[in-house]
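Q: The structure's right below; bear with me while I get my questions together.
The values are calculated or read from the model by the stated rules, or taken from the named source; none is laboratory data. Nothing here was measured: the structure is a model prediction, and the numbers come from that model. Glycine also receives a Cβ, built like all others from the backbone with ideal geometry; neighbour counts cover every protein chain displayed. Please note that ligands, DNA and RNA were not included when accessible areas were found on the heavy atoms of the full protein model with its side chains. Shrake-Rupley method; radii C 1.70, N 1.55, O 1.52, S 1.80 Å.
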Amino acid sequence: MPAQARPGNLAFSPSDFLSTLEGELNSAKFLAKNFFIACILSLILLLGRNVNLSLYTQLLLCFLLIVLGGRHFVRGFKKEIRARKGALNTLVSLSVWSAFFLGAYAVFAPETIPEAYRNFYAPFIVETILLITLGQYLEIHFKNFYRENLQSLKRKIPRFARLSKDGNEFFTPRLEVRPQDEIIVKKGEEIPVDGLAQNGGIVDEFLLNDRKALSPKTKNSKVCAGSFVQSPSLSISANGGDSLFALMISSIVKNSSNKFEKESAIDLIASWTAALSIVSAAGISIFWALEAPSHRMFLALSSLASLWILACPPALTLAKPLAIFFGLGKMSKDGIRLLNANIISRASKIDTLLFDKTGVLTEGNLEVVSSSLLGESREEFLSAALAALQNSPHLSAQAAAHYARNLGAKPLPAPESLESIPGKGIILKGKAGEIRAGNLSWLKESGCQLPTLPPFPPEEIISFIGIARDLRLLGYFTIKDSLRPRAKETVEKIKEMGITPILVSGDRNQSTHHLAEKVGLHHVFSEVSPEEKTAIISRLKSEGKKVAVLASSFYDAEALSLADIGLCWESGNAISKSAADITVANTDLSQILKALQWTRSLEKVIRQNILLSFLPSLFLIPIGCGFFYQRHGLLLSNPQAVAAGLFGLAAIIINSIRRKIDA
């Protein structure tokens with residue numbers, strides 16, 4: 001083996017993005033550590049106030065609380081200053097340091113302040129640092145749930161391959177495997193590269209299907225990375241380069257990286273609030289310094305600090321985490337799981353929804369209504385169908401295999417190899433020859449002569465599965481599905497939300513368009529492969545559309561990650577569920593409607609919560625500015641600042657709990 005590693009052909013390595021995820025996990029640990037320090041110092045400070053701890057000691061504890069328990073704000077403030085863009089850290093720093101220096105002014109120069117206004121803002125500093133830090137930690141925690149999904153996805157790619165060379169076996173990095181290198185995979189191990197089997201064996205392709213799928217392999221049979229060997233060992237001649245499985249995961253991670261918010265709504269609001277508070281506080285301070293009839297310096301400093309204190313509601317960063325926390329419990333009761341909290345801000349912008357028909361618009365209880373024999377032997381036709389379809393996860397294939405079994409089909413000898421062609425069919429090779437089972441258009445492309453199909457009433461949802469041996473069509477099954485009772489009503493509700501529903505199906509053109517017309521769909525793509533589905537999404541996004549996609553197979557995982565919001569059935573493929581943003585338990589389009597309604601509801605609650613966090617502070621701004629001082633002797637006090645934060649927190653909790661949807 002060469003000493004230097006050979007790079008793979010990935011245009012984007014999962015590690016490029018996932019390395020940043022490690023930083024986020026470390027950030028969560030850093031926040032947790034700071035929160036613990038802040039809790040200890042806050043406890044000492046508040047208990048010290050009750051035992052008449054000296055003001056100098058309290059001031060020292062406040063200083064330690066800010067620089068140790070709130071050091072993430074100090075670091076963030078420095079970064080924002082260097083970037084010349086104030087955001088949350090700037091807002092928090094202005095608030096707590098204003099409270100600290102106003103308290104220090106009261107401690108070191110009490111004679112310049114009226115006795116009634118010698119405020120020491122220790123409780124407010126405690127409240128602000130603890131609540132803001134808790135909110136930041138919870139938000140990172142919700143984000144990291146999706147990040148951990150991506151990390152677990154990355155871990156599904158084997159890092160090493162067992163290379164056999166000159167009679168010796170040793171491990172080598174997967175990306176260093178060359179074409180025609182011999183790779184040995186033992187029982188229970190995952191195949192690390194795509195290639196051709198060099199001996200007989202059985203592999204389980206459950207990661208590439210929706211359920212356990214044992215596939216026999218013989219010499220020169222195609223094997224795919226992501227499969228697990230079930231026989232004692234399997235020798236593989238590697239194709240070289242990266243596998244379809246690794247490229248798929250790389251694509252998922254790359255697409256998913258675009259779903260993380262570059263700037264949250266809270267950061268954006270904090271940025272504007274910081275700028276506004278700096279300008280307004282400076283203006284009010286200058287006014288009192290020049291125009292106040294008495295205590296000019298005190299009023300100028302007090303109004304400056306008070307506005308900066310009120311500009312940062314302590315409950316601000318809890319607006320989103322609390323909405324999500326209470327929303328997740330309600331969504332789970334409807335069988336909906338939110339995996340990626342980052343997509344909530346996209347919910348109201350979704351204007352296009354792509355989905356398939358089988359099991360979504362239809363019941364998914366497929367039934368074979370007839371079988372048409374084109375060859376000479378019905379027994380040959382049924383046995384070939386059973387052999388090819390009995391292990392397929394596709395609903396149509398399962399229905400046809402069940403039908404053949406009930407008619408007494410005799411199983412063929414164990415096949416030598418079996419290959420699944422996504423969206424098309426299955427190729428089985430053995431002593432009985434090459435058997436192909438799949439949609440009729442694919443069989444026609446393969447060279448089979450197709451008969452004229454009998455007409456069916458337009459209202460019937462009909463599909464066909466053809467069976468061929470050595471490119472000779474033996475017959476086909478006619479499979480019927482039934483429309484869900486509320487399918488048309490659900491499609492209309494989706495339209496009422498301002499979303500354009502688009503039917504994207506791999507089924508034949510005639511049946512797909514008949515169904516679309518029946519439920520009121522005007523945008524239809526039929527006989528679509530997974531690659532074409534991804535291309536459709538890319539085209540829609542290039543036109544400025546905000547796209548949600550419902551899919552559940554391994555080959556749809558890239559489409560799910562590419563969409564603005566990816567939705568997957570809970571019963572879907574494991575890789576697809578990791579690529580999705582939302583999973584839904586019940587395979588019914590009405591549940592997808594409910595999932596979209598929930599995400600929009602959460603987005604609305606977050607916006608309301610942000611407003612509610614500011615509301616108590618807004619009422620106190622005239623007092624903080626000193627407008628009521630001359631006549632009524634009113635200025636902002638520590639109890640008022642603390643109460644404003646608590647009222648804001650209570651309002652956020654109540655608003656998050658009460659939220660419901662009508663679905």
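Q: Averaged over all directions, how much area does the convex hull of the C-alpha atoms of region 517-602 cover when projected, in nm²? Numbers along the way, then the final one.
A: Working: hull surface 24.7 nm².
Its Cα hull, projected and averaged over all orientations, spans 6.2 nm².
Q: If you don't mind, another one. Put +1 on the Cβ of every Lys and Arg and -1 on every Asp and Glu Cβ in region 98-155; which of PRO123, ILE140, LEU102 then has its Cα farthest towards the positive end of the dipole?
A: Looking along the dipole axis, the top candidate is ILE140.
Q: Would you kindly derive the ³J(HN,Hα) couplings of region 304-310 from the backbone phi angles with the Karplus curve 6.51 cos²θ - 1.76 cosθ + 1.60 (θ = phi - 60°), listing them in order in whole Hz, with x for Gly and Pro?
A: With the stated coefficients, region 304-310 comes to 4, 5, 4, 5, 5, 5, 6 Hz.
Q: Further question on the same structure: Compute the FRET efficiency between LEU453 and ASN258 as 1/(1 + (r/R0)^6), taking r as their Cβ-Cβ distance and R0 = 35 Å, and round to the nearest 0.05.
A: On the way: r = 44 Å, r/R0 = 1.25.
In this case the efficiency is close to 0.20.
Q: Once Rh for the chain is found with the Kirkwood sum over Cα pairs, what is the Stokes-Einstein diffusion coefficient at 4 °C and 1.567 mPa s, in µm²/s?
A: Working: Rh = 29.0 Å.
Stokes-Einstein gives a translational diffusion coefficient of 45 µm²/s.
Q: What translational diffusion coefficient, to the nearest whole µm²/s, does region 287-438 have by Stokes-Einstein, given a Kirkwood radius computed over alpha-carbon pairs, a temperature of 37 °C and 0.692 mPa s viscosity?
A: On the way: Rh = 22.5 Å.
The diffusion coefficient I find is 146 µm²/s.
Q: Suppose we look only past 21 Å in the calculated P(r) of region 104-236. What percent of the Cα-Cα pairs does that tail hold? Display every interim value, and only then the final one.
A: On the way: 5332 of 8778 pairs.
Taking all Cα-Cα pairs of region 104-236, the fraction more than 21 Å apart is 61 percent.
Q: For region 513-597, calculate the relative contact order in percent as a whole number, restricting contacts to Cα pairs under 8 Å that are 6 or more residues apart. Could the numbers behind the result be given before it?
A: Working: 114 pairs, mean separation 16.3, N = 85.
With pairs under 8 Å counted, the relative contact order is 19 percent.
Q: Past 25 Å, Cα to Cα, is the threshold; run LYS259/LYS349; LYS78/LYS349; LYS259/LYS424; LYS165/LYS431; LYS333/LYS533 against it and keep the listed order.
A: Working: LYS259/LYS349 14 Å; LYS78/LYS349 34 Å; LYS259/LYS424 31 Å; LYS165/LYS431 33 Å; LYS333/LYS533 31 Å.
Over 25 Å apart, Cα to Cα: LYS78/LYS349; LYS259/LYS424; LYS165/LYS431; LYS333/LYS533.
Q: So for region 569-663, what percent of the C-alpha to C-alpha distances run longer than 17 Å? If you can, show how the numbers build up before the last one.
A: Working: 2955 of 4465 pairs.
When every Cα pair of region 569-663 is considered, 66 percent fall beyond 17 Å.
Q: Okay, moving on. For region 306-390, what is the per residue volume of the convex hull drawn over the alpha-carbon atoms, in cubic angstrom? Spell out each step's value before the answer.
A: On the way: hull volume 14.7 nm³, N = 85.
Taking only Cα atoms, region 306-390 has a hull volume of 173 Å³ per residue.
Q: For helix 395-406, what angle does its Cα long axis make with the longest principal axis of the chain, in degrees from 0 to 90 and rounded to 10?
A: Around 40 degrees separate the two axes.
Q: Calculate the dipole size of the chain relative to its Cα centre from +1 charges on Lys and Arg beta carbons and -1 charges on Asp and Glu beta carbons; express the result in debye to the nearest 20.
A: My answer is approximately 1140 debye.
Q: From the C-alpha coordinates alone, can you work out the Kirkwood hydrodynamic radius of region 262-306, in Å?
A: 11.5
Q: Over all distinct Cα pairs, what is the inverse of the mean 1/r for region 487-634, reported as the Kirkwood hydrodynamic radius in Å? Write out the running numbers ahead of the final one.
A: On the way: mean 1/r = 0.0551 Å⁻¹.
One over the average 1/r among Cα pairs gives 18.2 Å for region 487-634.
Q: Continuing with the same structure: Using a 1.4 Å probe on the protein heavy atoms, what percent of the accessible area of the chain belongs to carbon and sulfur?
A: On the way: 16840 of 29370 Å².
The computed percentage sits at 57.
Q: Choose one of VAL528, SER511, GLY566: the residue whose Cα lies farthest towards the positive end of the charge dipole of region 492-577 (beta-carbon charges +1 Lys, Arg; -1 Asp, Glu; about the Cα centre).
A: Of the options given, the answer is GLY566.
Q: Here is a follow-up. What whole number of Å gives the distance from the Cα centroid of region 551-628 to the Cα centroid of region 377-408?
A: Result: 43 Å between the Cα centres.
Q: Please list, in chain and number order, the residues 5+ apart from VAL528 or on another chain whose amide H is under 5 Å from its amide H, with Hs placed from the backbone.
A: Residues meeting the criterion, in which the H sits 1.01 Å from N, are SER505, GLY506, ASP507.
Q: Right, something else. So if I place +1 on the C-beta of Lys and Arg and -1 on the C-beta of Asp and Glu, and nothing else carries charge, what would the dipole magnitude of region 191-249 be about its Cα centre? I want it in debye, nearest 20. Can you show the working numbers first?
A: Values: 5 positive and 5 negative charges, 42 e Å.
That gives region 191-249 a dipole magnitude of about 200 debye.
Q: A further question on this structure: Per DSSP H run of at least 4 residues, take -39500 (n - 2.57); add these up for the chain, divide by its residues and hand me the 222 nm value, nearest 500 deg cm²/dmol. The partial results should precede the final answer.
A: Numbers: 20 runs with 323 residues, N = 663.
Roughly -16000 deg cm²/dmol at 222 nm, from the helical runs in the chain.
Q: In nm², what is the average projected area of the convex hull enclosing the Cα atoms of region 409-465? Walk me through the intermediate numbers first.
A: Numbers: hull surface 21.9 nm².
Value for region 409-465: 5.5 nm².
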